[in-house]
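Heads up, the thing below is written out as structure tokens.
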Amino acid sequence: MPIKILRNFTKRMFNLFFKKKREVSLGFYGPPNAGKTSLANRICKDWTGEEIGKVSKVPHETRNIQFKEEVEIKYKEKTMKFKLVDTPGIATKIDYEDFMKVGKLKKKSAQKRAKEATQGVVESIKWLDDMSAVVVVVDATKNPYSQVNITIVGNLVSRNIPVLVVANKIDLKKADVKKVEAAFPDYEVVGISARYGKNMDEFYENVFKLAKKA
């Protein structure tokens, strides 16, 4: 076998091997309280037995990027390694008074939290440059045609990042997955309940498909 052909063959095999073994950076994006951290926790608990972060009903509980590396997920005898990146909720407006009402915080504490939440949004957008693929998590009980969702998808489209849309909270009566599907006609939409682990098999199936596009 000529040396040049042998080198090319070796290079192809090397690339093929490491392509299968590479770690996919999977980001979780969406508005506050959509269930990003709940979903990231569910995945981590399923495959590592640990959680990635704290969940709260108060908006912007996650104000810093938090991630877990080398999470091996298995689906139908296939295994892929992921770096799960949980991001602060994206918002077009953050008002400290909301924290005083919902979180029952004093003015100074509420202002600090609002500032941290704003910085978290900026960091979330910056981290898009490091994402192999993104799961956009939306609350299936709320109107999906929001400025926040448009902003998120717009940023993903501009960066040509593969997207999977998750309609979370299907355990609630007001959940409407079809409305979410109508709002995102160009993307695969999976309805789940991160809290109760409902429909996670379909979610993992679509995550594997998403990773192949990355």
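Bear in mind these aren't lab numbers, they're just calculated from the coordinates by the rules spelled out. Since this is a predicted model, take the numbers as computed values, not measurements. With ideal geometry, Cβ positions are generated from the backbone for all residues, glycine too; neighbour counts draw on all protein chains shown.
Each of Thr151, Thr37 was scored by other Cβ atoms within 10 Å of its Cβ. Listed from fewest to most, they are Thr151, Thr37.
The convex hull built on the alpha-carbon positions of the stretch 128-207 has an orientation-averaged projected area of 5.2 nm².
Report the gain in length on full extension from Lys93 to Asp171: 0.36 nm times residue separation, minus Cα-Cα distance, nm rounded to one decimal. Intermediate results must be reported in sequence, preceding the final value.
Numbers: separation 78, 0.36 × 78 = 28.08 nm, distance 2.84 nm.
Taking 0.36 nm per residue and subtracting the Cα distance, the gain is 25.2 nm.
3J(HN,Hα) couplings calculated from phi for the stretch 70-83 with the Karplus curve 6.51 cos²θ - 1.76 cosθ + 1.60 (θ = phi - 60°) are, in sequence order, 6, 8, 8, 10, 10, 8, 6, 6, 10, 10, 10, 9, 10, 10 Hz; Gly and Pro show x.
Packing here is the average count of other Cβ atoms within 10 Å per residue, and on that basis the peptides 190-200, 155-165, highest first, run 190-200, 155-165.
For Glu188, the residues 5 or more places off, or on other chains, whose built amide H falls under 5 Å of its own are Val165. Under 5 Å from the amide H of Arg195 lie the amide H atoms of Lys169, each residue being 5 or more positions distant or on a separate chain, with H modelled from the backbone and absent for Pro and chain starts.
A 20 angstrom limit on the alpha carbon distance is what I want to check against. Which of Lys93/Lys179; Lys173/Lys198; Lys179/Lys212; Lys78/Lys209; Lys142/Lys169; Lys93/Lys126 exceed it? Intermediate results must be reported in sequence, preceding the final value.
On the way: Lys93/Lys179 24 Å; Lys173/Lys198 14 Å; Lys179/Lys212 27 Å; Lys78/Lys209 12 Å; Lys142/Lys169 10 Å; Lys93/Lys126 18 Å.
Beyond 20 Å: Lys93/Lys179; Lys179/Lys212.
Residues Leu210, Leu26 in ascending order of nearby Cβ atoms (within 10 Å, fewest first): Leu210, Leu26. Between Ser146 and Gln111, the simple label model (points 7 Å from Cα in the Cβ direction) yields a spacing of 2.7 nm.
Counting other Cβ atoms within 10 Å as a rough exposure proxy, the listed residues Phe203, Phe67 run Phe67, Phe203 from fewest neighbours to most.
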